[in-house]
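Visitor: If you scroll down you'll find the structure; I have some questions about it.
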Amino acid sequence: MTSGDAEKPAATLPADKAAMPTLLVAVLVVFAAQQLLTPILAPLSRELGLTETQLGLVLTVSAVALTVTSHLWGRALDAFGRRNVLAAGLGLATLGLAGFAVAAVLGLDGAAGPGATFGLMLVTRSVLFGAGIAAIPVVALATAAATTTTEAERTRAVGLVGAAQGLALVIGPAAGGALSVVSLTLPLYAAPTATAVLTLWVLLRVPRVPVVRPKAPRAADVRPWDRRVLPMLTVGFLLYLSLGLVQIVVGFLLADRLDLDPQATAGAASIALVTAGVVLVLVQGVLVPRLRWTPARLLRVGTPIAVAAYLLLAAAGALWSITLAFGVLALGLGLAIPGYTAAPTLLVGPEQQGSVAGLVSAATGATFIVGPLLGTALYTTRPLAPILTAAGAACLAWLVVWVVRPPKKPIEVPESAP
């Protein structure tokens, strides 16, 4: 790529609000493609002769790849621009999903043993796909920051990004379950096909912008320990960690409290999680834009609601009360998470938005490394332990929110360079 056809760095991009709908579709499709595989992972691993631990490693290494590369994508966005980072991320994600399908088919046909299949899955589903999908929310969040001028506008924009991810959590598993009724391998083919079509569509929709050299020197990347953003990153980590702690044990919780068999447990878990997903989409996609609250207010209202939800879950003993607890949790986190996502973008200048978006995504990804392992370990010691730990993490996040002073004024969108 020559300097003449490279895209302008994200920090100096014009305020192109028309790009946001395309990016929201990209977030929805790529995360839905990921979730297409969720219903078949457990039965597929059994068919391939993989252990539960090996399946867990595939998901954990994927979270590690997402966490490590999110900040790198943020730096690349500031250096190479929106279109190039989108193309690279979607290309890696498509390659990873296609490779995962090949690995699974080879294993099912007996052309590859369990060990070789597991190794191929680590490379494709974990490393390639995990690294590729990390780019998409980074681009979407940085663009949301670059096209808004006030706290309320920015919070609305990042709330829509969260709503797109939440909607994917509803659509993806439902579509994957429907396809798996026809064939266990059908979701394997559908997922990379969806991301490949998405890649072509995005490249047609997102224009190439000529390079415009900024007059000022490029600002240094924001580091995780930067005192401006560290408190908000801590809040986000604690909120997502609390969710991860209970999300991983919901099946065990339902089976043990309601004395359900595996099939009934799966159905009950679907009811609770789909309910939470629908509430999350409505809160982030409808309620947050209408409220037009500042990030600080969203955090200060949403976080205690999440705490109350965890306490309700600790006491719940029936499917309706467990489902209600997850619905209340979705309400609380649906308010708080857009506030967390928007707040760091208001604490840095426009030339550092890509870097901050990468840090926000990395903090989220890190919880998917820690949460499942810690949640299952705590559950084996005492079933209430992960729920009470989640409530404690949310309480600590609430405390940080009240201690840290919110930004005083919004960051203005820079004028495009002449």
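The values are calculated or read from the model by the stated rules, or taken from the named source; none is laboratory data. Values in this document were obtained by computation on a predicted structure and should not be read as measured data. Here the Cβ positions follow ideal geometry from the backbone for every residue, glycine too, while neighbour counts run over all protein chains shown.
Visitor: One residue is enough: does the range 132-142 have a residue meeting the conditions surrounded by fewer than 24 Cβ atoms within 10 Å (Cβ to Cβ) and in the same structural domain as Leu23 (by TED's automatic domain parsing)?
Guide: Filtering the range 132-142 for residues surrounded by fewer than 24 Cβ atoms within 10 Å (Cβ to Cβ) gives none.
No; the residues of the range 132-142 include none that is surrounded by fewer than 24 Cβ atoms within 10 Å (Cβ to Cβ) and in the same structural domain as Leu23 (by TED's automatic domain parsing).
Visitor: From Leu169, Leu186, which residue is modelled with pLDDT of 80 or more and among the aliphatic types (A, V, I, L, M)?
Guide: Leu186
Visitor: Where in the range 1-111 are there helices (runs of 4 or more DSSP H), lying wholly inside it, with at least 2 residues that are at pLDDT 85 or above?
Guide: Those helices (runs of 4 or more DSSP H) span 19-36, 52-80, 82-109.
Visitor: Looking at Ala135 and the list (1) out of contact with any helix residue (DSSP H, G or I) (no Cβ under 9 Å at 6 or more places or on another chain); (2) in a helix (DSSP H, G or I), which single condition is not satisfied?
Guide: (1)
Visitor: Now for a separate question. Take the residues of the range 384-401 that are surrounded by fewer than 20 Cβ atoms within 10 Å (Cβ to Cβ) and in contact with a Leu (Cβ under 7 Å, 6 or more places away or on another chain): which is farthest from Ala308 (Cα to Cα)?
Guide: Ranking the qualifying residues of the range 384-401, first place goes to Ala385.
Visitor: Right, next: Scan the range 280-311 residue by residue and report those that are touching a residue at least 60 places away in the same chain (Cβ under 8 Å) and basic (Lys, Arg).
Guide: Arg292, Arg300
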